[in-house]
Amino acid sequence: MSDAAEDAGPTALDFEPESHTYRVDGLVVPSVTQLLDDAGLTPDYKFISRQVLAHARARGIHVDACCDLLDEGDLDWASVHPEAVPYVEAWACFCADYGYEPAAGQVPLYHPQYGYAGTADSIGTLNGSWVVVERKATTKMAATYGLQTAGYAQPGLWVAPRGGGRLEPVNWHAPARLGVQLKRDGSYVVVPYEDSEDLAAFLGVVALYRWRALSRHVARR
């Protein structure tokens, strides 16, 4: 590859929601959650029934979609499933109480140096500073969400339009990181992720994934 081609950087990111597969310029790349899962750091749901997990996942997708529409000023509250209403109301309260100004939701990101992709729930400004928000409609906030947001806040990221498309370098610098737990009673809990070691720890997860992938490749030879 020529120096000019390298300088041009990646071109486009595509995402297949059903298989949760990211491709950059046609090549499959690991996701942030895949990296954490490979390292054994994601929550263990093996004791929860498939039906319960499927319902929770569907609810989370619906809540995210409604919150994004709310941020864009396009939400028809009549379209919100009754079970999801308090979660969306909790998001509205968080934004109003904290003065959070969403800039984009479901933001596809790619890191050309470390070769991973992911989708940030919400990116916006708080008190004039950029912040990455991990929004969860769950009963418990896992500690690893701090590492997940670290993947979305690493310097050198590129961003694509929602759903995928042309990649460009991000226009925010060193964003803060927050978790926002939306609760079924319409309340919310804010979890700041302020440990600078999260960024280094996430890169350790990336390095472990690469090492395992190389080991598997060598073993097959």
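The values are calculated or read from the model by the stated rules, or taken from the named source; none is laboratory data. None of these values were measured; they are calculated from a predicted model. No Cβ is skipped: glycine too gets one built from the backbone with ideal geometry, and neighbour counts run over all protein chains shown. SASA here: full protein model, heavy atoms, side chains in, ligands and nucleic acids out. Shrake-Rupley method; radii C 1.70, N 1.55, O 1.52, S 1.80 Å.
What to note about this one:
- DSSP bridge pairs, the range 126-207: antiparallel proportion in percent, nearest 5: 55
- Here the Debye sum runs over all C-alpha atoms of the chain as equal scatterers in vacuum, and log10 of I(q)/I(0) at q = 0.13, 0.14 Å⁻¹ comes out as -0.80, -0.92.
- Derived scalar couplings ³J(HN,Hα) [the range 36-41; Karplus, 6.51 cos²θ - 1.76 cosθ + 1.60; whole Hz; x for Gly, Pro]: 5, 5, 4, 7, x, 10
- Computed with a 1.4 Å probe over protein heavy atoms only, the accessible surface of the range 1-160 comes to 51 Å² per residue.
- Rounded to the nearest 5, the antiparallel percentage of DSSP beta bridges internal to the chain is 80%.
- Take every pair of alpha-carbon atoms less than 8 Å apart whose residues are at least six positions apart; their mean separation over the length of the range 2-124 yields a relative contact order of 23 percent.
- Calculated from backbone phi, Karplus (6.51, -1.76, 1.60) coupling profile of the range 58-64 in Hz, x at Gly/Pro: 4, 5, x, 5, 5, 4, 4
- Residues whose placed amide H lies under 5 Å from that of Glu134, excluding near-sequence neighbours: Leu178, Gly179, Val180
- Per principal axis, descending, Cα span of the range 82-179 in whole Å: 40, 27, 25
- The chymotrypsin sites (Phe, Trp or Tyr not before Pro) of the range 166-221 meeting both criteria, a DSSP state outside H, G, I, E and B (loop) and at most 16 other C-beta atoms within 10 angstrom of the site's C-beta, are Trp172.
- Förster radius 30 Å - calculated FRET efficiency between Leu214 and Ser19 (Cβ-Cβ, nearest 0.05): 0.80
- The calculated P(r) of the range 1-92, using every Cα pair and 5 Å bins from 0, goes 2, 10, 13, 14, 15, 16, 13, 7, 4, 3, 1, 0 in percent.
- Using Cβ point charges alone (K and R +1, D and E -1), the dipole size of the chain about the Cα centre works out to roughly 1040 debye.
- Rounded to the nearest Hz, the phi-derived 3J(HN,Hα) couplings of the range 100-114 under the Karplus curve 6.51 cos²θ - 1.76 cosθ + 1.60 (θ = phi - 60°) are 6, 10, x, 9, 7, x, 6, 8, x, 10, 9, 10, x, 6, 9, where x marks glycine and proline.
- Once the Cα atoms are used to define both axes, helix 197-220 deviates from the longest principal axis of the chain by about 50 degrees.
- Taking every alpha-carbon pair within the range 46-101, the share separated by more than 15 Å comes to 52 percent.
- Set of the range 78-116 residues, backbone N closer than 15 Å to the point 7 Å along the Cα-Cβ line of Asp185: 86-87, 90
- Residue list for the range 141-161, given a label point 7 angstrom along the Cα-to-Cβ vector of Leu126 and an amide N cut-off under 19 Å: 141-155
- Heavy-atom accessible surface of the range 68-149: percent carbon and sulfur, 1.4 Å: 51
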